[in-house]
Each structure stands twice: as structure tokens, then as C-alpha cells.
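Please read the structure below before turning to the comments.
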Amino acid sequence: MRRILIRLAALLILGLGGGCMVLALWPKPDLGENLAFSQAYMDREGRLLRLTLARDGIYRVQVPLDNISPELIEATLLHEDRYFWYHPGVNPVALVKALLNECSGNPNRFGASTITMQLARISLGLKTRSFSGKLQQILHALHLDWHHSKEEILEAYLNQASYGRNIEGIGAASLVYYGKEPQSLNLAEVMTLAVIPQSPVQRTPRHADEPGGAAGNLELRQAREKLFQRWVREHPEDAGQENALAMALQVSTPRNLPFLAPHFVDWQRIRMGENPPAQIRSTLDLTLQQLCERQLQRFVQGRKDQGIRNAAALLVDLRGMEVRAAVGSANFFDDSIQGQVNGVTMRRSPGSTLKPLLYGLAMDQSLIHPHSLLKDAPISFAGYNPENYDRDYVGPLSASAALQQSRNVPAVSLAAELKKTSFHAWLQLAGVKGLKEESHYGLTLALGSAELSMVELAQLYGVLGNGGIYRELRSLMRGPEPMADVGQRVMQAESAFLVLDMLKQSPRPGRVRSEGLSGGGASVAWKTGTSWSYRDAWSVAVFDSYVLVVWVGNFDGQSNAALVGRRTAAPLLFQIIDAVRTQTSAPSTAAWEKREGLNLTTVDLCAVSGALLGKHCPQTMKGYFVPGVSPTESCRVHQLVWTDKKTGRRLREPGPEGTSKAEVMEVWPRDVQDLFRQAGIPRRAVPEYAQEDLRGHVAGSEAAPVILSPKAGVEYALGCEVERRQIALRANGSGRLRWFADARLLGESQNGEVLTWEPEPGTYWLMAVDDSGRSVAEEIKVVSAP
């Protein structure tokens, strides 16, 4: 007998050893790595926006074990396989009991499948009701347990188990039935989901009005009540939650899955390509998204009588340049407005919304400060004659006023004066993609002749709101996108501050004013834009900690006289701002309004010219100044003027004692005097010089002619057409003006009139001389067009 036992033991050892060798040599089985998974798009709080179907038509969301509720893991093991952590893939005790039960003819089945065996059945698609199928299941379970850790096996099971309908895995089940991620389930929800995989067809959660809903839910409730009783024996502190389980099932179904922020989700699907992660946590705030959608739809509905049919909006948090809301059209499902087109990413002409960036660049290059005097008057640049929106000119005005009133001529003049970095080059530096060559746009770029997307506009205004730092927009909480602390300085912090300070002085459109919100003390720095031929109306704002971009128009490019930025887009902009402020706490002073740490001071300026205070300026005002950057020219308008007491004529120096008098007068260049006169602004005329004082009054004095066209420092390219080979010569001066190019007479013109000139390529010294012999000269360069 002893010899028989020894032989049996040896055979058992040999069998086990051989089995172990087979398991070790058998190739490592996969755990569903090649399965197709759904994508769950969520907002920043984990609220589901959309759940897509996997390629095989199943809702299946991959979730790491660490992201699954510990209570759900414990409840699943308590219900399915309480010895999971201890057996080698199969439970031999349970198998023996099941075998004895089967042999005894007991009609009540005794379950012996472990979690590992169920995973083997799922992964191989085994039919386990036959002996051969069960044997394959056992062998494959042993194989899985040999090559994989318990955690890996449990994670694979929870991601592949059936939870009824076409739902597999706890990630999809928790999202479909409860609209939340599996780590956020409460105990009643845990008990419900833990019992479904054992009998997914009979225990599928259903609405009462669905076929088999009442009976199926009854079986499900009975199963979870039994599990709860076992749970309470392990966790007596949870006994008080029995009432929660006694309540009727409150679950959703796939037909109730959300389809929210559709343009935003589609945008992310395109950006992530063919292999996106299973769970996409975005930066979107669903509350703000739905708020913006309601405001936009309400606005379009109320403006239908004006032909307004479509709009889009993009809200970005400045602190990390994170997208909080993205509404691509007024109605995603309306084919009549091409509603599925995403206005947030579509490229359109931005109109005057680029001007604040141009002014910031001009301040960087020491051309202006906010009170610098600019000219709004007719001017020509090699055949390009910019006009204002109202086809009128207002004369001299401050840089702040020119920007707030969106005057085109001063903006184009500033663009022509940029030297270190052109506006085109700066826009590329600040993230604008797809620009054509600079020569394609010329100076019209300042007026929005290039096409930009709302994303790019938000990034540009983000430069202003973040103190001159450029950062790309972020739409995902995780992934390969730039982090919030990555950025590139493209504008001086002082210039960005001053531009926003200028913009926040613009009065809000009165008819949409709402006291206590953006109409109260909180600042809004905003700008509008209108594209050529009234195709697009824009409004962009920096407020609180946000950038908001609003577009109103038609995707087919149809013109509409109502599509004017200030009249149409601005009201929508402020309606959204007011609504956002009801959901967020607006700071009394936003971060972009604070001067701390800036190289910025306040100085005394001439209240008339806006220049640094001169010794004769009678009125002063305070203004911001950037030491070492802002222009330092003192006021030359207020001068001490000597006149002859008898004739009233102006003198270059005091006469004999008692024959002359001195007084402070405003002495403006002749072209500015003409602007004042054209604008109807009264200005006291400065007396003409006495005849004997004209000698020696040469170029550079205050009464010398002023060349209006061409502009010094601008390179003029000659085209093939006759009109492109001509340059307009125009100047303000006294009476008749004679024009010379390198001492060669070109012709004569009257004050303010145009003389056309057809030069050959080359560099010229151009001079204009008036009747009194006073002259002005400048160097210009003429080249052949490429």
C-alpha cells in the first residue's frame, strides 16, 4: 500500500510539473489588447458629453483598475469569486462541489466559475456547457493566471464583462446607466452593477415601459438585495443604506446617452486622429457651454427679422488658455444654415479685430503711447488709399480714440511705420497659421484682409490678457498639448497692459446694458470687427479671467447689411458676458488690469498734443508712460510766438523794445491745420511771417510743406498695369507746390491736390517746394513688382 501511495504521489508531482512546463511554454495570452474601445468625451468635471460606439458596435470603455471604485471591485468579487486572490485561476474546491452536485442529480446548479474562468470564456468565445468547452475554459484560466497578475486579470474582466444590451465593461456600464465614471459610483449603484454580469440578459436594467422591464428589474433587485445582505455582514456600518436599495431603479439607457457640445467633440475627434484614448477629459465646462448655447440661440432667434441666421462663440480661460465653451453654430442639426460646420475652427476675415495687436506692436517699437496724436486724413500708399468705415475723416485724434473708434487710416499708417518686425511677421510669431506671403496683403493686413479662425483670435487676445505671453489653446486636461506654464513672449507686458487699458474705455452698447453685471464696475476690454462687404460681424473681449470671441454671419459668405460688429456681434458678446458672470465670481480687479511689476509710470502730458509736457503747455493731463520705450518727444505744438504789435505779423525773434509782443500759441503743421478745418474744429490761426523774416525759413520749420504721399521709408512696388506704375504725389503747403526727384522737376500741384508720377525702379530724393521757398524732402525706394 505504501508503495502504491508513493507511486501516486510521484505521478501527481510529474503531472503538476509537466502541467507547469506546458503553461510556461504556452505563449502568453493577451487580455483583450486588440479589442476596439469606445471613446468617452467628458468635460473638466467628468460629466459625459458623448460616448461613441466601438468599431464592433459595442459600448466598451477601457478603464484602469485604479480608476474603478474599490467598493465595486469588492462587491464583484464577493458576488462572483470571493477566493479570487488565492486560487490559481480555478477554484478546485468549488469544482469538486460542482462535480458532486452534478453527479447527485441535484436540479439546482452549483456555480464554480471563477473571474479568471469567465475571462477565459469571454476572450476565447467558448461554449462552456459541454465537457470539452469546460475543460478548455479551465486550462485557459490556468494559462491566464500563470502569465498574468491578479490585478491584470481583474482589470481585463471588468473591462470586458457583459452588462446587458450592447454594453461591455464597467466603464461603459457606469456611463450609460448612471452618467458617471466608475470611481464615482455610490453603494446602491455598486450593488446594481456588480450582479449584472452573472446573468446580463435577465438582469439588464430597463425602464418600466420597455418589454420585460418589470420582470427583469425584479430579478435584478432581488439579486442586489442578496448581495447587499452579504455586504452588510462584511461591512455592518453600511446597514443604514438599506432604504436606498429599496427604492425603484433609477437608470438610463443607451437611447438617453448625451450628445452635448457636438462641434467641440467633433473638433477633438479630428485632432486626436485614428487612435484616441478611451477616456478624454476635456477642459470644457458643461455649465458654461450650455449657457453660451442658450444665449447664442436666443440671440439668433430674436434677430431673424434682420436676416441673422447663424453665430458662433468661443470662451477661453486666460489662466491656462483652456477652452471652457465652444459653440460652432446656432443649431448643429439645422441643415439650412449648414449647422454642422464648426464656426470655431472656420477661417474668416476678422475685420478690425486685429487693430489692438497692431497698436501693441507699435508701442513695442516706440512709435506711440496711448495719448500720441495720430492723423485720420486722406493718404495714399503706392496706389492704396485706405478709407474709414464711414468714408469720412475726423482729423487729429489720440491713439486711444483712434483704436476705440476703429479708424482705419491711423491703423494703416502705423503698419507702414513698423520697422523691427512687420505686422505679418508678428502674427506668425503669435501663432497665426496659413498666412500667404506678406506682399499678398500689403498694408491691408492691419484691416483684417487675412483669414483667421476664432481659435487664432482667442490666442492673439490671450497674448494681451497674459501680459504679452503667447500660449496655444488647450482643450484636453491630459495629453500631448502644451502645458499652462509654457509660453513665448511676443509683446512687452507694458504694451499688452496699455492696449487693454485703452480698449476697456470703450462704452458698452447701450441697448444691451445690464446694470450690476458687465455694465457695473467690472472691466471689459473689447473690440469689434466687420469684414468686407458685410459678410462677418465680430466682437472679442478680455474680461475677468476669460477671452470671449463671438462671430455672427453665414457660412456660405452671404452679405447682410446688418452684419456690423458693433451693432450685431457686440450685443451678443455682452449678453454672454453677463450670463457667464452669473455663474462665476468676477474679481473686482482682473489680473490683466494690475500694474504691479510693470515698468510703467504716469507722467504729465500736454492735454492738447498728447506729447510729453513742454515748457509752454498751459493744460496738462496724466498719462501712462513706459520709460525707455515710449516716445520721448516733448510738445512742439505750444510755442512762444513773437508778433509785430503794429502789423500783427509773426517775427522770428523779438523786435526793438516795445515793438513786439510774445504769447503762447498752438502751432500745428499745415496738414494738421487743414484737418482741423475739415473736421470743423476751431483753432486760432498763427499769424504769417513778416516778409523780411521769410529768408532763412527752411525745411523743418513748423510752416514747411508736409508730404502726405508717398510715405518715407515705404518700398513701392510697380505693377504691370498703368495705375500700378503710378505714384500719387500729394502735400500740404502754401499755395502752389513744385515737385522734384533728384533735382529734376516733375511738375506742379496745388495745396492738397495729387500729381501722378511714373518712376523707374530706383532710389529717389523727393522734394516739394512751396511759393515761399519752403521745402520738405524724403527718400523713397521704387522696385519692380515680383
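The values are calculated or read from the model by the stated rules, or taken from the named source; none is laboratory data. Fair warning: this is a prediction, and the values are worked out from it, not measured in the lab. Every residue, glycine among them, receives a Cβ derived from its backbone with ideal geometry; neighbour counts consider all protein chains shown. When the accessible area is computed, the model is the full protein with side chains, heavy atoms only, and any ligands, DNA or RNA have been set aside. Shrake-Rupley method; radii C 1.70, N 1.55, O 1.52, S 1.80 Å.
Assorted remarks:
- Ligands, DNA and RNA aside, Asp305 has an accessible area near 130 Å² when probed at 1.4 Å.
- Nearest-10 value in Å² for the accessible area of Asp376, using the 1.4 Å probe: 0
- Separation of alpha-carbon centers, the stretch 125-142 and the stretch 402-446, rounded to whole Å: 73
- Against the main long axis of the alpha-carbon atoms of the chain, helix 355-364 sits at an angle near 70°.
- Entries of Lys504/Lys594; Lys420/Lys527; Lys304/Lys504; Lys436/Lys781; Lys436/Lys504; Lys375/Lys711 with Cα pairs more than 22 Å apart: Lys420/Lys527; Lys304/Lys504; Lys436/Lys781; Lys436/Lys504
- Estimated purely from DSSP H runs of n ≥ 4, each contributing -39500 (n - 2.57), the mean residue ellipticity at 222 nm for the chain is -9500 deg cm²/dmol once divided by its residues.
- Binned Cα-Cα distance frequencies in the chain - 20 Å width, integer %: 13, 33, 24, 15, 10, 4, 1, 0
- Carbon plus sulfur fraction of accessible area for the chain, probe 1.4 Å, in percent: 51
- Summed residue charge, Cβ within 9 Å of Gly431's Cβ, Lys/Arg positive, Asp/Glu negative: 0
- Between the residues Val580, Ala377, Ser775, the greatest Cα displacement towards the positive end of the dipole of the chain, with unit charges on the Cβ of Lys, Arg, Asp and Glu, is found for Val580.
- Here Lys127 is the anchor, and the lysines within straight C-alpha reach of less than 23 Å, apart from those fewer than 8 places off in the same chain, are Lys28, Lys97.
- Ranked by how many other beta carbons lie within 10 Å on average, peptides 179-188, 165-174 from highest: 165-174, 179-188
- Using the Cβ of Cys292 as centre and a radius below 14 Å, the other residues enclosed give a net charge of -1, where K and R count +1 and D and E count -1.
- Residue-level accessible surface for Ser775, protein heavy atoms, 1.4 Å, Å²: 30
- Where Arg736, Arg44 fall by accessible area, highest first, once all protein chains stay in place (1.4 Å): Arg736, Arg44
- Positive dipole terminus of the chain, leading residue within Ser69, Trp526, Leu249 (C-beta point charges): Leu249
- Where both bridge residues fall in the chain, DSSP classifies roughly 85% of the beta bridges as antiparallel.
- Debye intensity ratio I(q)/I(0), log10, the stretch 345-438, q values 0.19, 0.21 Å⁻¹ (C-alpha model): -0.96, -1.15
- Dipole magnitude of the chain, debye to nearest 20 (Cβ charges: Lys/Arg +1, Asp/Glu -1, about Cα centre): 1280
- Sorted peptide list for 490-500, 351-361, criterion being average Cβ within 10 angstrom, highest first: 351-361, 490-500
- Note on surface exposure: Trp668, Trp146 rank Trp146, Trp668 by accessible area, highest first, 1.4 Å probe.
- Across the chain, C-alpha contacts under 8 Å between residues 6 or more apart give a mean separation that, scaled by the residue count, equals a relative contact order of 9 percent.
- Using alpha-carbon coordinates, inclination of helix 150-160 to the longest axis of the chain, degrees: 70
- Top positive-direction residue, dipole computed over the chain with Cβ charges, set Ser475, Thr620, Pro509: Ser475
- Between 0 and 90 degrees, the angle of helix 262-272 with respect to the longest Cα principal axis of the chain falls at about 80 degrees.
- The order of Met502, Met346 by accessible area, most exposed first and with a 1.4 Å probe, is Met346, Met502.
- Sites listed here are chymotrypsin sites (Phe, Trp or Tyr not before Pro) in the stretch 249-354 whose DSSP assignment is loop and whose Cβ has at most 10 other Cβ atoms within 10 Å: Phe333.
- Summing charges over all other residues whose Cβ lies under 14 Å from the Cβ of Trp231, with Lys and Arg as +1 and Asp and Glu as -1, gives -4.
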